[in-house]
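Here is the structure we will look at.
The values are calculated or read from the model by the stated rules, or taken from the named source; none is laboratory data. Keep in mind the model is a prediction, meaning the values are calculated, not measured. No Cβ is skipped: glycine too gets one built from the backbone with ideal geometry, and neighbour counts run over all protein chains shown. With ligands, DNA and RNA removed, areas are computed over all heavy atoms of the protein, side chains included. Shrake-Rupley method; radii C 1.70, N 1.55, O 1.52, S 1.80 Å.
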Amino acid sequence: MEERAYKAGAAQHFYVDAKREFADVYISRAVLMNGMYEGLYPLGTALARPLIAEKVVEVARRVGADAVAHGSTSKGNDQVRFDVTVKALAPDLKIIAPARIWGMTRSEEVEYARRHGLPIGEEHKRYSIDDNLWSRSIEGGPLDDPMAEPPEDAFKWTVTPEKAPAEPTYLTIGFERGLPASLNGEKMDLASLVATLNHIGGVNGVGRVDHIENRLVGFKSREVYEAPAAVILYHAHRDLEKLVLTPRELRFKHQVLDPQWADLVYQGLWVEPLRVALEKAAEEMERWATGEVRVKLYRGNLWVVGRESPFGGYSKGLADYSAGWYPTDEEARGFIEMWSLHSLTALRRRRGNNL
Ligand code: ARG
């Protein structure tokens, strides 16, 4: 990157390693909030943009710059995420997006770089790719036909399920207060745990996502992702929540808090105060999300096959069909009578019957 920066005419290059911060601040919240935009996109790019913008602003301050620049075009979500974050952190800094100003298309950008002797890898000519610890986003080229299966050369982190091992892989993921803390009994920091899961998932062909996504700039696009760790942790974490949360907490979190959070992050509003409020509400519930989840990976698929927690609401004595507690006939009838009363009253009324 450094070499490339100087080739592009940079006066000075700064290398910022923000992997740990990305894991500890952004990925951790994505796990806590089951961050999946429109149910399937783990938000890797969307989460990284505000952090990148923050680091750019830090450098701008250090060198006394009066403007920052980025390479986004006018058609993507990333321009919004970069611009909004810079405006929030440094309203006095000018934002310059050359591709947007010059109105360049992607192929014009590639051609411009070629003319100026800036090498672009083959995969970046065919696709628009962005990757980080949490996910690899692949867009454009052959993927713009939503009916065509993504070609194998779109993928780098995951094997096609046909090539995955014929034996399943079992994982035990330990969570503490909603956050992944161990893998197969071994304590791990989040960044290492995510990197390890990306590898294990990828080998098993787990973590490919292909969907139609509603961009925030007004049109639908076909998006492909590789995110083995994100997909595994999403399923494991949601499963643990089902064990420990009350049904009311569970519904509120999964139907309201989580999707609202994902929308804000996707839509470039990391700085929106509601994002923090949603996290605070979730943290209160996640105090109980401590425990272990067993996951089975096999040829592109994954299943949660076991879960336990000291705070689990599951009681064998209550659930067991062959022994333990049974309500009496009278208790059951009384409960059902009052439980259905609202609905049955409305039905009678709507059928024109007397109450
Ligand atoms: N559609 C995804 C998003 O908006 C991925 C964007 C990837 N960025 C890119 N320049 N290829 O977050």
Find the centroid of the Cα atoms in the range 286-302 and in the range 140-219, then give the distance between the two in whole Å.
14 Å
For the peptides 41-50, 127-136, 10-19, what is the packing order when you average, over each peptide's residues, the other Cβ atoms within 10 Å and list the highest mean first?
41-50, 127-136, 10-19
Charge sum, other residues only, whose C-beta stays under 13 Å from Ile232's C-beta, Lys/Arg counted +1 and Asp/Glu -1
+2
Gain on full stretching of the segment that runs from Lys242 to Phe219 - 0.36 nm per residue minus C-alpha separation:
4.8 nm
Leaving out ligands and nucleic acids, and using a 1.4 Å probe, what accessible area per residue does the chain come to in Å²?
56 Å²
Taking the Cα centroid of the range 239-279 and of the range 75-125, what is the distance between the two, rounded to the nearest whole Å?
31 Å
Once you list every other residue whose beta carbon is under 15 Å from the beta carbon of Met1, what net charge do they have if Lys and Arg are +1 and Asp and Glu are -1?
-1
Please determine, in degrees from 0 to 90 and to the nearest 10, the orientation of helix 190-203 with respect to the longest principal axis defined by the Cα atoms of the chain, where the helix direction is its Cα long axis.
90 degrees
Inverse of mean 1/r across different Cα pairs in the range 219-334, Kirkwood, Å
17.2 Å
For the range 284-350, what class follows from the C-alpha gyration tensor (a ≥ b ≥ c being the square roots of its eigenvalues): rounded when a/c is under 1.5, otherwise prolate if a/b is larger than b/c, else oblate?
prolate
Using only the alpha-carbon atoms, what does the range 51-91 span along each of its principal axes? Please give whole angstrom values in decreasing order.
31, 16, 16
Can you give me the % of accessible surface on the chain that is carbon or sulfur? Probe 1.4 Å, all protein chains present, nothing else counted.
54 percent
Considering the chain as a Gaussian network with a 10 Å cut-off on Cα pairs, which listed residue, Thr246, Thr345, Thr160, attains the greatest mean-square fluctuation?
Thr345
Between their Cα atoms, which of Lys220/Lys253; Lys94/Lys280; Lys187/Lys253; Lys7/Lys55 are more than 30 Å away from each other?
Lys94/Lys280
Expressed in nm², what is the orientationally averaged projection area of the convex hull enclosing the Cα positions of the chain?
25.1 nm²
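Between Leu341 and Val271, what FRET efficiency comes out of the Förster formula 1/(1 + (r/R0)^6) with R0 = 35 Å and r the beta carbon distance, rounded to 0.05?
The pair Val271/Leu341 has a calculated efficiency of 0.15.
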Relative contact order %, the chain, counting alpha carbon pairs below 8 Å whose residues are six or more apart:
20 percent
